[in-house]
Structure formats: C-alpha cells, structure tokens
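Below: one structure, written as structure tokens.
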Amino acid sequence: MTRRVVITGLGAISALGNSAEAFWSACQAGESGIGQITGFDMSGIRFQNGAQAKQFNPADHFDDKQLIPLDRFATMAIVAAREALAQSHLELTLEEKTRAAIVTGSCYGGKTSEDAGFSSLYKDNQPRVHPMTIPRLMANAGASALALELGWQGPAWTVSTACSSANHAIGQAFWLVRNGMADVALTGGSEAPFTYGSLKAWEALRVVSPDTCRPFSKGRGGMVLGEGAGMLVLETLEHAQARGAQILAEIAGFGMGADAHHITQPSAAGAARAIRLALADAQCSPEQIGVINAHGTGTAANDVTESAAIRDVFAANLGSLKVVATKAIHGHALGASGALEAVATICGLQQQCVIPTANFQTPDPDCDIPLSLQHTPWPHEAAVSNSFAFGGLNAVLVFRRFEA
Amino acid sequence: MSESVSPDVLDRVMRTLAETQKLPADKVTPDATFEQLGIDSLDGINILFALENEFNINIPDESARLVRDVRQLAEGVQKLVNEKPAA
C-alpha cells in the first residue's frame with residue numbers, strides 16, 4: 001500500500017522577512033520585495049533591482065564560532081528549517097533520527113564565500129584563502145549543517161538543477177518518504193546569489209528586467225533575482241497522526257523530465273510533459289487542480305511557453321482554475337524558488353484562497369491564462385507548482401488539501 | 001534608427017559575427033538577417049558580448065532586442081561608438 005505524505009511544518013526566509021508568516025502575509029497583499037540592490041557598487045551594472053533578504057542577518061541566529069564554516073545560503077537554510085521544525089513540533093528519538101532524511105536544493109551553493117575568497121586571490125594578490133572556503137562553498141553545506149545541528153542520520157543530499165533545484169529536492173524527499181526509505185524529511189532550497197560576479201553573469205545573459213518582475217504581463221522586461229530559503233517538514237500521514245501533529249497539506253505527486261531542446265530556451269512540450277507526469281503520480285486529473293503556482297519568471301520566453309503548456313494540459317478546466325506567479329513578490333531565488341512557491345501553494349490550500357500576481361500591468365495575448373490578480377477566496381482541492389530550469393530540466397509538484 | 005555606418009565598423013561587425021558564429025566570412029553580408037544566418041537568442045547574446053569587447057562599448061538590452069539583421073546591428077554599434085567619449 002502506498003504511504004501518504006503530509007506537510008507539518010513550513011519555514012521561509014525571503015525579501016519579505018524572516019518567517020513563513022511574513023512571507024505569506026506579503027503574498028496575500030501582493031506586496032513585492034523587489035528593490036534597489038545594496039551592498040555592491042551597482043554603477044557598472046545595467047539592472048539595479050533585486051529581492052534581497054535585507055532583514056536577514058546571520059549574526060542574529062548564530063554565534064561567531066558557528067558562522068565560521070557557514071556561507072549565507074547555508075545559514076538561510078538552517079534558519080528556515082528551524083522555523084519549519086518548530087511549527088511541526090517534531091521530536092525524534094535516536095532510532096527515528098536514522099530514518100530522517102534531509103534533501104536540499106541550491107543552484108550556486110556558497111557563492112558569497114567563493115566570490116570573496118577568489119577575488120582576494122585574483123585582485124588583491126592575497127597568497128591564501130580562508131581554510132573554510134571549501135566547506136562554505138559546497139552546495140550541500142546547508143544539508144550537512146542541518147544534519148549536524150539536528151543529529152539526523154538518514155539519507156541527506158543536495159540537488160542542483162538551477163531554477164528547479166528546490167522542486168527536484170522536495171520531489172525526491174517526497175518519494176523517499178512515500179517509498180519507505182525514510183519516515184520524515186526536511187526539504188526545500190536556499191540561495192544567496194547576490195555577489196558582484198554573479199550579478200555581472202546575469203547581466204551578460206540579458207534576461208534581467210531593468211525595473212521589476214511582471215509575470216505574464218505585456219511589456220514584461222525579464223526576471224529579477226531574489227534570495228532566501230524555504231523549508232518543509234514532510235512525514236508519513238501515519239507518523240503525523242500518531243503524534244497528533246497539525247497537518248498543513250498533503251504532498252501528492254511529483255513529475256520531472258528534460259526538454260532535450262535548448263540550453264536556455266524553454267519548451268512547452270517538455271513543461272507539459274512534466275506537469276502530466278506529476279498529475280499521474282498524484283493520481284489526479286487536470287480537472288481536480290484549482291490553482292497553478294507558475295514558474296512565471298517574467299521573461300519573454302518562459303511566460304509564453306509556460307502559458308502554452310498550461311493551456312495544453314488544463315484545456316478542459318481553464319475556466320475553473322487560477323494561475324498565481326509569486327516571483328513578482330520574492331524574486332527569482334533560483335534554487336530556493338520552488339521551496340518559497342511551495343510555501344505559498346500550501347498556505348493557499350490551507351486558506352482556500354488565491355493571491356494577487358504583483359506588478360501585473362496589461363494582459364499579453366501570448367499568455368492567455370487565467371491569472372490571479374487579487375487576494376480572494378478560491379475553493380480548491382489540489383494545486384500544482386511548476387519549476388522549469390535553464391538547461392531544460394523540469395520539476396513539478398502536486399499538493400492536495402488535507403482533509404482528515 | 002539609421003546611423004550612417006563607416007566601412008570600418010561594418011567590416012568589424014561582420015567579421016566579429018562570422019568569428020563568433022563560426023560562419024564563412026562570405027556568408028555574412030550587410031543584408032543578411034539573423035534568421036537567414038541561423039542565429040538564435042543565445043547566439044545573439046554571444047555576438048553582443050563579442051561586439052562589446054571588440055568595440056569597447058556597452059550594448060543595452062532594450063536596443064539589442066529589436067535588431068534583426070546585420071545592417072541594423074552595425075548601425076547600433078556605430079551609434080554607440082559615436083557616443084563614446086573621445087579617449
């Protein structure tokens with residue numbers, strides 16, 4: 001018999017603040033965290049705005065000694081995980097900790113430490129870098145630090161698939177728990193991409209908006225980078241019920257695939273295939289889906305192909321679903337995006353509502369989808385959350401409202 | 001936008017484009033469209049990068065998006081070269 005998997009804790013660090021509650025509150029208000037990037041000389045960069053987690057200061061959450069081996073992206077993963085675990089009230093015995101998994105996503109890993117360390121070599125002719133450079137920059141630093149902090153000894157690893165990292169991580173953690181290889185899992189993603197080198201690299205790719213992120217809107221100018229972390233506590237329904245945990249939602253399906261089409265141009269067929277695989281995995285028909293949290297980057301290419309994929313898969317029920325696109329709120333936090341979007345999707349299921357797509361201006365005939373533009377009650381049984389990465393790697397999750 | 005393009009700028013633009021795209025130089029003519037040359041959006045980014053280096057200019061995203069053929073590209077480059085402060 002297939003084990004059902006539920007979510008019992010959420011955590012979020014984002015441009016909207018240092019908790020899932022602050023994040024969800026901004027989502028409901030359609031409040032964008034995008035603003036002037038600070039911390040660098042931006043005069044030589046064509047874009048100026050980003051969604052930096054300006055309220056997040058690692059020193060507020062760790063002592064100096066603890067911070068020595070931790071990059072910013074790892075500290076975000078840990079703080080978001082602490083919040084998710086506190087909400088879940090999960091207490092594990094030593095035995096149970098051997099069956100507790102940690103699967104995190106990150107596109108870059110410890111880019112902040114890498115950039116600072118290597119520029120001191122190349123630019124300032126320093127003879128050495130900090131001895132913790134490797135532990136800080138490894139993409140699994142967040143997962144490893146969490147295992148250390150919690151004493152969890154089950155399967156732990158990190159997925160790096162650019163903008164799909166968190167969805168791939170959550171999907172794998174879900175399958176791990178569903179298939180009996182772990183009973184609980186901590187999963188999500190974290191990203192701290194604001195370094196000068198990284199900003200210059202995004203500038204060169206010419207996909208960043210000169211002002212803000214306007215998903216599916218005519219005249220959209222591109223994506224806007226964000227940073228943060230999202231974390232989820234997953235456990236079997238049986239495990240959650242046995243300990244009387246509050247169940248927030250069920251994670252019902254995961255689908256993934258590769259476009260095998262182009263390194264940066266997305267493919268509608270590949271996106272549609274991943275959505276169908278996720279629905280099949282959830283044993284869910286398209287008609288059961290009431291909300292889609294879109295990948296919705298605000299780039300010319302993504303939003304058109306994603307609209308085509310949505311119109312293809314959900315042709316029969318376009319009139320009874322809403323598409324939400326939260327990157328206008330939290331920015332494109334790369335390997336953390338899917339996790340922040342999962343938090344928004346789960347909160348929407350819990351409260352049976354949809355939220356506004358911030359910064360939207362005018363409908364684009366090439367993005368003919370039922371976009372949600374206001375915070376309004378919206379009864380729905382299940383929701384889909386899309387992530388489509390550069391490199392054509394697609395990962396789609398299905399969440400279901402939990403009814404005891 | 002129809003900037004009068006100097007023969008030198010046009011020649012360097014065509015040469016840079018051919019080198020970046022690994023195309024035989026005689027394929028790249030002033031009237032060739034990007035579509036004819038098989039240039040997609042990713043190729044376009046690489047060409048802009050090469051041109052920025054060749055001419056020591058910064059090409060804004062907005063103007064680059066509208067360019068469809070070699071002549072328009074050369075005109076855009078010429079405009080930015082003209083706007084450069086004299087060394």
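Scanning the range A:282-303 for residues that are surrounded by fewer than 18 Cβ atoms within 10 Å (Cβ to Cβ) and within 14 Å of another protein chain (Cβ to nearest Cβ) gives A:A300, A:A301.
Each row is one residue, and each column tells you yes or no for (1) without any contact (Cβ under 8 Å) to a residue 40 or more places away in the chain; (2) more than 22 Å from A:I346 (Cα to Cα); (3) out of contact with any strand residue (DSSP E or B) (no Cβ under 9 Å at 6 or more places or on another chain).
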position: A:Q283; (1), (2), (3): yes, no, no
position: A:G290; (1), (2), (3): no, no, no
position: A:A300; (1), (2), (3): no, yes, yes
position: A:A316; (1), (2), (3): yes, yes, yes
position: A:L321; (1), (2), (3): no, no, no
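When the range A:1-34 is filtered for residues that are in contact with a Phe, Trp or Tyr (Cβ under 8 Å, 6 or more places away or on another chain) and of a type in the set (G, A, S), the ones remaining, listed by number, are A:A12, A:S14, A:G17.
Taking the range A:17-30 as the region of interest, how many residues are in contact (Cβ under 8 Å) with a residue 60 or more places away in the chain and outside any helix (DSSP H, G or I)? Final tally of qualifying residues: 3. Screening A:S106 against (1) open to solvent by 20 Å² or more (accessible area, probe 1.4 Å); (2) under 19 Å from A:G338 (Cβ atoms); (3) hydroxyl-bearing (S, T, Y) leaves a single unmet condition, (1).
Can you find a residue that is open to solvent by 40 Å² or more (accessible area, probe 1.4 Å), away from chain B (no Cβ under 14 Å), touching a strand residue (DSSP E or B) at 6+ places or on another chain (Cβ under 7 Å) and part of a loop (DSSP other than H, G, I, E, B) anywhere in the range A:109-132? Looking for residues that are open to solvent by 40 Å² or more (accessible area, probe 1.4 Å), away from chain B (no Cβ under 14 Å), touching a strand residue (DSSP E or B) at 6+ places or on another chain (Cβ under 7 Å) and part of a loop (DSSP other than H, G, I, E, B), one finds none in the range A:109-132, hence no.
Can you name every residue in the range A:201-215 that is among the small types (G, A, S) and open to solvent by 30 Å² or more (accessible area, probe 1.4 Å)? Once the filter is applied, which keeps residues that are among the small types (G, A, S) and open to solvent by 30 Å² or more (accessible area, probe 1.4 Å), the range A:201-215 yields A:A201, A:A204. Per the conditions (1) within 13 Å of chain B (Cβ to nearest Cβ); (2) surrounded by 15 or more Cβ atoms within 10 Å (Cβ to Cβ); (3) closer than 17 Å to A:A325 by Cα, the sole criterion not satisfied by A:G226 is (1). None of A:G33, A:G50 is open to solvent by less than 50 Å² (accessible area, probe 1.4 Å), modelled with pLDDT of 95 or more, assigned to a loop (DSSP other than H, G, I, E, B) and closer than 30 Å to B:S63 by Cα except A:G33.
Take B:V9 and tell me if it is away from chain A (no Cβ under 12 Å), assigned to a helix (DSSP H, G or I), open to solvent by less than 20 Å² (accessible area, probe 1.4 Å) and closer than 30 Å to A:M223 by Cα. Considered against the rule, which asks whether it is away from chain A (no Cβ under 12 Å), assigned to a helix (DSSP H, G or I), open to solvent by less than 20 Å² (accessible area, probe 1.4 Å) and closer than 30 Å to A:M223 by Cα, B:V9 comes out as no.
In the range A:53-79, the qualifying residues are those that are aromatic (F, W, Y) and outside any helix (DSSP H, G or I), and the one that is surrounded by the most Cβ atoms within 10 Å (Cβ to Cβ) is A:F56. Take the residues in the range B:18-41 that are surrounded by 14 or more Cβ atoms within 10 Å (Cβ to Cβ) and assigned to a helix (DSSP H, G or I); name whichever of them is nearest to the other protein chains (Cβ to nearest Cβ). If we take residues in the range B:18-41 being surrounded by 14 or more Cβ atoms within 10 Å (Cβ to Cβ) and assigned to a helix (DSSP H, G or I), then B:S41 is nearest to the other protein chains (Cβ to nearest Cβ).
Selection of the range A:314-331 for residues being crowded, with 23+ Cβ neighbours inside 10 Å and over 18 Å from A:Q28 (Cα atoms) yields only A:F314. Just a yes or no: is a residue in the range B:45-64 out of contact with any helix residue (DSSP H, G or I) (no Cβ under 7 Å at 6 or more places or on another chain), closer than 25 Å to B:A86 by Cβ, open to solvent by 20 Å² or more (accessible area, probe 1.4 Å) and among the hydroxyl-bearing types (S, T, Y)? No: zero hits.
The values are calculated or read from the model by the stated rules, or taken from the named source; none is laboratory data. Small disclaimer: the values here were computed from a predicted structure and weren't measured. A quick note on method: Cβ atoms are made from the backbone with ideal geometry, for glycine too, and the neighbour counts reach across all protein chains shown. What goes into the accessible areas is simple: the full protein's heavy atoms, side chains included, and nothing from ligands, DNA or RNA. Shrake-Rupley method; radii C 1.70, N 1.55, O 1.52, S 1.80 Å.
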